[in-house]
1. Restricting attention to segment 237-258, does a residue exist that is touching a residue at least 12 places away in the same chain (Cβ under 8 Å) and closer than 20 Å to ALA131 by Cα?
2. Looking at segment 60-108, which of its residues are open to solvent by 10 Å² or more (accessible area, probe 1.4 Å), assigned to a loop (DSSP other than H, G, I, E, B) and within 24 Å of GLU39 (Cα to Cα)?
3. Which of the residues spanning segment 168-194 are at pLDDT 95 or above and open to solvent by 30 Å² or more (accessible area, probe 1.4 Å)?
4. Can you confirm whether segment 2-14 contains a residue that is buried (at least 24 other Cβ atoms within 10 Å of the Cβ), of a type in the set (D, E, K, R) and in contact (Cβ under 8 Å) with a residue 40 or more places away in the chain?
5. Please go through segment 20-52 and give me each residue that is small (Gly, Ala, Ser) and part of a loop (DSSP other than H, G, I, E, B), ordered by number.
6. Mind listing just one residue for me: the one in segment 135-167 that is aromatic (Phe, Trp, Tyr) and either closer than 19 Å to ASP197 by Cα or assigned to a helix (DSSP H, G or I) (or both) and, of those, least open to solvent (accessible area, probe 1.4 Å)?
7. Regarding segment 18-41, can at least one residue be identified that is within 21 Å of GLN226 (Cβ to Cβ), open to solvent by 60 Å² or more (accessible area, probe 1.4 Å) and at pLDDT 95 or above?
8. Do you know which residues across segment 223-245 are of a type in the set (A, V, I, L, M) and open to solvent by 10 Å² or more (accessible area, probe 1.4 Å)?
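The values are calculated or read from the model by the stated rules, or taken from the named source; none is laboratory data. Since the structure is predicted, the reported quantities are computational estimates derived from the model, not experimental observations. Note that we place each Cβ from the backbone using ideal geometry, even for glycine, and neighbour counts take in every protein chain shown. Ligands, DNA and RNA are excluded from the accessible area calculation, which covers all protein heavy atoms including side chains. Shrake-Rupley method; radii C 1.70, N 1.55, O 1.52, S 1.80 Å.
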Amino acid sequence: MKYYVVDAFAERLFTGNPAGVSILEQWLPEDLMQNIAAENNLSETAFAVKTGPHAYQLRWFTPAGEIDLCGHATLATAYVIANFYEAEVEQLTFETQSGILNVAKRGERYELDFPARMPERIELTEQMVEALGVTPLEAYLSRDLMFVLESEEAVRNLAPDFAKLKQLPLGLGASVTAKSETVDFASRSFFPKLKVDEDPVCGSAHCNFIPYWADRLGRNGLVAHQLSKRGGTLYCRLEGDRVRIAGTAVLYSIAELQL
C-alpha cells in the first residue's frame, strides 16, 4: 500500500506540517488505520477512498484517535491526488465528518473551503493560566480552546505545561493567537490530549482564527503565520459561514507499507 508524507503549508522541506496520506481502493479496518497513524506518529494521517469523478471520502487519524476536521492533511491529500492519481485536476470534493469540503488548485497553492467556527468567549480560569504559563487577554471555545495573547512575541515564546493542558476539562486542543507585526495574525496550536504536544501548522484552528481576526481587523482577506519551530504560512479569507485557507505543499517521501 502506498504511503506518502507531504509537508503541508510549506514552501520547502522540513517546514510546515507533515501529514501521512494513503489513497485506498476500499476502506481498511478502523483499527488498522489507527495503528498506521500511531506507527508513523505524525500529527495526522489521512485515508481517502474515491467515490466519483474528482470526489473522495476522507478520514483523518491522530496517533491517539480519529478527528473530525484537519486542514493540513486535507491539503496534503489534495496534493497527492493531483500529483499521483488525477493529473491536471483543478477541483476536488471530500466527504468528511465535517460535511463536504472542497479543495481548489490555484497555481502552486491548494485552497481549502472549510466551515467557519467563530468561537464563543468563555471565562478564563486559574487552571488555564497555570497550563499556559501566561495570563491571556481573552479565552474562547469552539471544538478547541483559543486564547488571545498580548503580542506575537508572547505567542512565539510560550512554553505551556503539556501535562496541565491535557487536564483542562474544555477543548480537544488549545491554541494561542495574537496580532502579528509582519502579517495579520500569528498563532500556535497544542493537542496533548491527542498525543500531539504541538501541531506545527493547524488548518482546523484557522476555522476559529479567521472569523475572529476578520472581525477584529475589519477585513476578510488575511495572511497568517504559525510560529512553531517548523513554521508555516496560510493565506486566509472569510466568506460568510465558510473560510478559505490556502497554502503550498512539498513531497517528503513515498513508501510501500507491508500490510
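1. no
2. PRO63, ALA64, GLY65, ASP68, GLN97
3. Within segment 168-194, PRO169, LEU170, LEU172, LYS179, THR182, VAL183, LYS193 qualify.
4. Yes, segment 2-14 has at least one match.
5. The answer is SER43, and nothing else.
6. Once the filter is applied, the top-ranked residue is PHE147.
7. Yes, because at least one residue in segment 18-41 is within 21 Å of GLN226 (Cβ to Cβ), open to solvent by 60 Å² or more (accessible area, probe 1.4 Å) and at pLDDT 95 or above.
8. Residues satisfying the conditions are VAL223, LEU227, LEU238.
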